[in-house]
Amino acid sequence: MPNGRETSHRTRRNLLAAGLGTLVSCAAPRSILVHEHIFVDFAGAEIASPSRYNRDEVFATAKPKLDAIKKLGCIRLLECTPNFLGRDPILLARLSQSTGVDIWTNTGLYAANRYRHLPAYAKVESALELSRRWISEWRNGIDGTKPRFIRIGVNEAPLGEWDRKLVEAAAITSQETGLTIASHTGRGAAPEQVEILRKLKFPLEKFVWVHAQNEKNHKIHEDVARAGAWVEFDGIGPKSLDWHKQCVEHMAKAGLLHKVLISQDTGWWHVGEPNGGSYRDYDPIYKDFMPLINKNWWQQLLWDNPNRAF
Ligand SMILES: [Zn+2]
């Protein structure tokens, strides 16, 4: 049995811990960033490779930026760089371990940017064959890390054969693995993807329309959200605060805030540039954007919705 002195010590310690807990949670509510990048290589599928950069250099530059958002409450970051564009699960695992931010990687392929990031096999294989590759990455991991979402990219409407094939492959993969699809969507191509997925009887709550901010017609944001898909407004930054605020407020007014995701789509180490070029910070969303919107929406946009979507 503890003596009186120990009890009072423990009580004081517990009170202190409880007080600190409240303080920490007030100052930094927990959050998830659903679309950022640590490393991207735009050289093309034939050229991009880990031999083009030094992991230690990228690590040293990325770490303080991740430490900064960890202090602001960031628990998890979805690293959205697809395969053949610099996806590097070894680097991400190292950063996760050292910063305490849970960094997720992805499976899938990117047809956007006129197919220059598609490997040759993706052009000839069927949707089913591609899905087998992605499902295998999920089963066996990629360099020791399991992908936690499906990342594809499609060009502007009307979608080409290869774009449509990736959407179908993603749907098959999602049905097998339960992973959510986040699709980088070229101009006007959201309704077409929704149509493809509907024909496959795919549950649209497992589909994220990435880059919805490029669509200026709020009616289409509403339609896609009402169909059940997630509408993600990316690219929050100093020049876009008004537009992003308007998008979020419009969706809230339409009763659709529960289908909205937001991101900066920022960061990253630029291959071939000294010190990784203009690697931007991940904290403006916390410092510049969130204070502009209704405080009651914070938890929904940065925690509840990301958790439900992925
Ligand atoms: Zn991105």
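Readers should treat all values here as calculations from the given coordinates under stated rules, not as data from a laboratory. Everything quoted here is computed from the prediction, not taken from an experiment. Don't worry about glycine lacking a Cβ; one is built from the backbone with ideal geometry, like all the others, and counts go over all protein chains shown.
Taking H as built 1.01 Å from N, whose amide H comes closer than 5 Å to the amide H of TRP269, not counting residues under 5 places away?
PHE39, VAL40
From the square roots a ≥ b ≥ c of the eigenvalues of the alpha-carbon gyration tensor of region 220-268, which class results: rounded (a/c under 1.5), prolate (a/b over b/c), or oblate?
Since a/c reaches 1.5 but b/c is at least a/b, the shape of region 220-268 is classed as oblate.
Between PHE233, PHE59, PHE84, which gets the highest mean-square fluctuation from a Gaussian network model of the chain, Cα cutoff 10 Å?
PHE59
Mean-square fluctuation check for the chain, GNM, Cα pairs under 10 Å: which of PRO274, PRO82, PRO284 is largest?
Result for the chain, Cα springs under 10 Å: PRO274 fluctuates most.
Quick one: work out the % antiparallel among DSSP beta bridges in the chain, nearest 5.
Antiparallel bridges make up about 5 percent of those DSSP assigns within the chain.
Which distance in nm do the two modelled labels at GLU273 and ASN294 give, with both placed 7 Å along the Cα-to-Cβ direction?
Placing both labels 7 Å along Cα→Cβ, they lie 3.8 nm apart.
Using the Karplus equation 6.51 cos²θ - 1.76 cosθ + 1.60 (θ = phi - 60°), what ³J(HN,Hα) coupling, rounded to whole Hz, does each residue of region 95-104 give in order, writing x for Gly and Pro?
5, 4, 4, 7, 9, x, 8, 6, 9, 8
Computed FRET efficiency, Cβ-Cβ of GLU176 and ILE220, R0 51 Å: what is it to the nearest 0.05?
Once rounded, the FRET efficiency stands at 0.95.
What does the charge count around ILE236 come to, taking other residues whose C-beta lies under 9 Å from its C-beta (Lys +1, Arg +1, Asp -1, Glu -1)?
-3
Does region 32-309 come out rounded, prolate or oblate, given a ≥ b ≥ c as the square roots of the eigenvalues of its C-alpha gyration tensor, rounded meaning a/c under 1.5 and, failing that, prolate meaning a/b above b/c?
oblate
For the cross-link pairs LYS65/LYS253; LYS199/LYS259; LYS71/LYS206; LYS165/LYS245; LYS70/LYS287; LYS71/LYS287, which exceed 23 Å when the distance is taken from alpha carbon to alpha carbon?
LYS65/LYS253; LYS71/LYS206; LYS165/LYS245
Counting other C-beta atoms within 10 Å, which of VAL194, VAL231 has the fewest, and how do the rest follow?
With the fewest neighbours first, VAL194, VAL231 line up as VAL194, VAL231.
With +1 on each Lys and Arg Cβ and -1 on each Asp and Glu Cβ, and nothing else charged, work out how big the dipole of the chain is about its Cα centre, in Debye to the nearest 20.
In total the dipole reaches around 920 debye.
Restricting to region 140-278, compute how many DSSP beta bridges are antiparallel as a %, nearest 5.
5 percent
When the distances between all Cα atoms of region 113-219 are binned every 10 Å from zero, what whole-number percent does each bin get?
15, 48, 32, 6, 0
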